[in-house]
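Asks: Pasting a structure here, questions to come.
The values are calculated or read from the model by the stated rules, or taken from the named source; none is laboratory data. Source: prediction; values computed, not measured. Because the Cβ atoms are built from the backbone with ideal geometry, glycine has one as well, and the counts that use them run over all protein chains shown. The area values use the complete protein model at the heavy-atom level, side chains included, leaving out ligands, DNA and RNA. Shrake-Rupley method; radii C 1.70, N 1.55, O 1.52, S 1.80 Å.
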Amino acid sequence: MSVNRWDAIDNRNIRVNNDTAVTLDIKGWQDNFSAAERRHTASPQVRIISEKCPITQLGRQARRIWIYLPPDYSSSKRKYPVIYMHDGQNLFDAYTSGYGEWGIDEILDKPG
């Protein structure tokens, strides 16, 4: 029987009774679920302050710069500590993250 590359293939079973080597050649892969909808998860405290900040020292392309500011930052005279972190697309927003959001903004949003 000839199987087209895109045709569904029934599951296979193998029973091994003795030591043996099994070689499997996967002709195609099928996920039986739809992709999860990607949505933005960054808190309102997260802002992009530059879309194209050049990184000439590293010979890299321009990068987006993200910042998290506490909710009362603009109305308070209070001083806040500064944390510098890399990979802003992963820190704050599941939509832009390639490997899963780290949830930094959700942690910082939690009350004291």
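Asks: Could you list, in sequence order, the residues of the stretch 12-53 that are among the hydroxyl-bearing types (Ser, Thr, Tyr) and either within 19 Å of the chain's Cα centre (by Cα) or assigned to a loop (DSSP other than H, G, I, E, B) (or both)?
Replies: If the condition is that a residue be among the hydroxyl-bearing types (Ser, Thr, Tyr) and either within 19 Å of the chain's Cα centre (by Cα) or assigned to a loop (DSSP other than H, G, I, E, B) (or both), then THR20, THR23, SER34, THR41, SER43 are the ones that fit.
Residue by residue, here is whether (1) at pLDDT 90 or above; (2) surrounded by fewer than 10 Cβ atoms within 10 Å (Cβ to Cβ) holds:
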site: ASP19; (1), (2): yes, yes
site: ARG38; (1), (2): no, no
site: TYR68; (1), (2): yes, no
site: TYR95; (1), (2): yes, no
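Asks: In the stretch 97-112, what residues are surrounded by fewer than 17 Cβ atoms within 10 Å (Cβ to Cβ) and of a type in the set (Val, Ile, Thr)?
Replies: ILE107
Asks: Hey, another quick one. Before we move on, is ILE83 assigned to a loop (DSSP other than H, G, I, E, B), out of contact with any helix residue (DSSP H, G or I) (no Cβ under 7 Å at 6 or more places or on another chain) and of a type in the set (Val, Ile, Thr)?
Replies: Yes, satisfied.
Asks: Pick from ARG60, ARG64: which is in contact with a helix residue (DSSP H, G or I) (Cβ under 8 Å, 6 or more places away or on another chain), at pLDDT below 90 and open to solvent by 100 Å² or more (accessible area, probe 1.4 Å)?
Replies: None of the other options fit; the residue is ARG64.
Asks: Checking VAL82 against (1) surrounded by 10 or more Cβ atoms within 10 Å (Cβ to Cβ); (2) modelled with pLDDT of 90 or more; (3) of a type in the set (Val, Ile, Thr): exactly one of these is not met. Which one?
Replies: It fails just one condition, (1).
Asks: On the basis of being open to solvent by 100 Å² or more (accessible area, probe 1.4 Å) and either within 29 Å of ASP109 (Cβ to Cβ) or modelled with pLDDT under 85 (or both), does ARG47 make the cut?
Replies: The answer is yes for ARG47.
Asks: Turning to a different aspect of this structure: Can you tell me which of ARG38, ARG78, ARG64 is free of Cβ contacts under 8 Å to residues at least 24 places away in the same chain and either under 30 Å from PRO111 (Cβ atoms) or not acidic (Asp, Glu) (or both)?
Replies: Checking each option against the conditions leaves just ARG78.
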